[in-house]
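K.L.:
Got a structure for you, written out below as structure tokens; questions coming shortly.
The values are calculated or read from the model by the stated rules, or taken from the named source; none is laboratory data. Remember, it's a predicted structure, so these values are computed and weren't measured experimentally. Note: ideal-geometry Cβ built from the backbone for every residue, glycine included; neighbour counts use all protein chains shown. The protein model used for the area step is the full one, side chains on, heavy atoms only, and it has no ligands, DNA or RNA in it. Shrake-Rupley method; radii C 1.70, N 1.55, O 1.52, S 1.80 Å.
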Amino acid sequence: MSQPLPSREAIVATAHESISRGSKSFAAASLLFDKPTRQRAWLLYAWCRRCDDIADGQDHGHGMTVVDDAPARLLALSAMTEQALAGEVVGEPAFDALRIFAAETRLPKRYARDLVEGFALDAREWRPRSENDLYKYCYHVAGVVGCMMAIAMGVDPEDEDTLDRACDLGMAFQLANIARDVEEDDRVGRCYLPEDWLVEMDFPPGQHMKPPFRSRLAVLTKRMADRAAAFEASARQGTPALSFRSAWAVLSAAGIYGAIGRTVAARGEHAWDHRVTTSGMQKLGFIVTAAREAAQRGTLYPRTVRDARLWTRPR
């Protein structure tokens, strides 16, 4: 006798548990959304998180390991993603979360596939050679999530300008993450600093985390933090297109993640002595500040033409 299918309520509850375990920052920001948007954010997060965990052998983003079957893992998560996009019941809560999310938001399938391509890059042990390559990677693992989150907030999938701003926020988040996690990535044989940058700073191959080169590494992570800040500033100009509560959540997340990038830059060569995080009180401070910013977003962040110098996502 077949088992009854899990209800939407059960899948949402599992998704909430996932975000609570995987990201305190996103969990805190998600509470600022209205209920429908909040639940869609949890559903999207659960799928993204599970794909990441499958690809990297993690548990809710913790304990990343070197995997020896990356192509098989990629094939599995890609197949389940396609099932979900086709509206089929997958039987895996996180992928059924995507099924529900895609149906409720009329999500263009290309965005989910673009995220899967990010995992494919890692499965191929791809490394960025140039700054443009770095941005391509950031888009596929985070910028596209910004686009999908904007759609969760009710942004029309045809509103390319607002989606560009949402993508910019994801780009800012990922650049901050890469700067913070250089040491953690190095431990599993990964490096997302462009090869051009490493050559420019005259790093011996594979030696960028060695103590004698920390001051040079600090120059590059400061550069990355500056790039993140430029994307963040552009993203803020997209908030007038959002409801107050969605803008509040977005600006809270921007403040929290912006602080991570700025702290890494400020610590210089000591940025990796202890993992950079934001405390509960700091998060609360950013949430309070973001409420004021959201209320004045039309004045603080008037819509202007997006900076042409910023990298632009693929159409």
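K.L.:
Could you go through the stretch 187-194 in sequence order and give the Karplus-derived ³J(HN,Hα) for each residue, using 6.51 cos²θ - 1.76 cosθ + 1.60 with θ = phi - 60°, rounded to whole Hz, and x for Gly and Pro?
P.N.:
5, 10, x, 10, 8, 9, 6, x
K.L.:
Among all the lysines, which ones have a C-alpha under 21 Å from Lys222's C-alpha, if same-chain residues fewer than 8 places away are not counted?
P.N.:
Lys136, Lys210
K.L.:
Volume per residue, Å³, of the convex hull around the alpha-carbon atoms of the stretch 130-241?
P.N.:
Details: hull volume 10.5 nm³, N = 112.
Value for the stretch 130-241: 94 Å³ per residue.
K.L.:
Solvent-accessible area per residue for the chain at a 1.4 Å probe radius, Å²? Walk me through the numbers before you get to the answer.
P.N.:
Numbers: 14390 Å² over 315 residues.
For the chain, the solvent-accessible area averages 46 Å² per residue.
K.L.:
To the nearest 20 Debye, how big is the dipole of the stretch 1-141 about its Cα centre, given +1 on the beta carbon of each Lys and Arg and -1 on that of each Asp and Glu? Walk me through the numbers before you get to the answer.
P.N.:
On the way: 18 positive and 20 negative charges, 99 e Å.
Approximately 480 debye in magnitude.
K.L.:
What's the magnitude of the charge dipole for the chain around its Cα centre, counting Lys and Arg as +1 and Asp and Glu as -1 at the beta-carbon? Answer in Debye, nearest 20. Walk me through the numbers before you get to the answer.
P.N.:
On the way: 41 positive and 42 negative charges, 188 e Å.
Using only the charged Cβ atoms, the result is roughly 900 debye.
K.L.:
Among Ala120, Ala172, Gly280, whose Cα projects farthest towards the positive end of the dipole of the chain, with charges put on the beta-carbon of Lys, Arg (+1) and Asp, Glu (-1)?
P.N.:
After comparing all options, I get Gly280.
K.L.:
Can you give me the P(r) profile for the chain? Cα pairs, bins 20 angstrom wide beginning at 0, each as a whole percent.
P.N.:
33, 60, 8, 0
K.L.:
Rounded to the nearest 500 deg cm²/dmol, what is the calculated helix-only ellipticity per residue at 222 nm for the chain, with -39500 (n - 2.57) per DSSP H run of length n ≥ 4?
P.N.:
Details: 15 runs with 205 residues, N = 315.
Computed mean residue ellipticity for the chain: -21000 deg cm²/dmol.
K.L.:
Mean Kyte-Doolittle hydropathy of 0.0 or higher plus an axial Cα length of 20 Å or more: which whole DSSP H helices in the chain meet both?
P.N.:
Numbers: long enough: 8-22 (21 Å, -0.22); 35-56 (31 Å, -0.85); 70-85 (22 Å, 0.72); 109-123 (21 Å, -0.34); 160-180 (30 Å, -0.04); 214-236 (32 Å, -0.29); 244-267 (34 Å, 0.73); 280-295 (23 Å, 0.47).
Qualifying helices: 70-85, 244-267, 280-295.
K.L.:
Tell me, what is the 1.4 Å probe accessible area of Trp311, in Å² to the nearest 10?
P.N.:
Counting only protein heavy atoms, the figure is 40 Å².
K.L.:
May I pose another question? Just reorder Arg124, Arg190, Arg245 by solvent-accessible area, largest first, 1.4 Å probe, all chains present.
P.N.:
Values: Arg124 145, Arg190 40, Arg245 100 Å².
I get Arg124, Arg245, Arg190, largest accessible area first.
K.L.:
While we're on this one: List the relative contact order of the stretch 125-187 as a percent without decimals, with contacts defined as Cα pairs under 8 Å and 6+ residues apart.
P.N.:
On the way: 45 pairs, mean separation 22.7, N = 63.
It rounds to 36 percent for the stretch 125-187.
K.L.:
So, one more: Compute and list, largest first, the equivalent-ellipsoid semi-axes of the stretch 242-314 from the alpha carbon gyration tensor, each √(5λ) rounded to a whole angstrom.
P.N.:
Numbers: eigenvalues 133, 76, 18 Å².
Three semi-axes, in Å: 26, 19, 9.
K.L.:
Using Cα pairs closer than 8 Å and at least 6 residues apart in sequence, work out the relative contact order for the chain, in percent. Show your work: numbers first, answer last.
P.N.:
Working: 421 pairs, mean separation 54.4, N = 315.
About 17 percent, as a whole number.
K.L.:
Further question on the same structure: Rounded to the nearest percent, how much of the accessible area of the stretch 192-300 (1.4 Å probe, protein heavy atoms only) is carbon and sulfur?
P.N.:
Carbon with sulfur: 57 percent of the solvent-accessible area.
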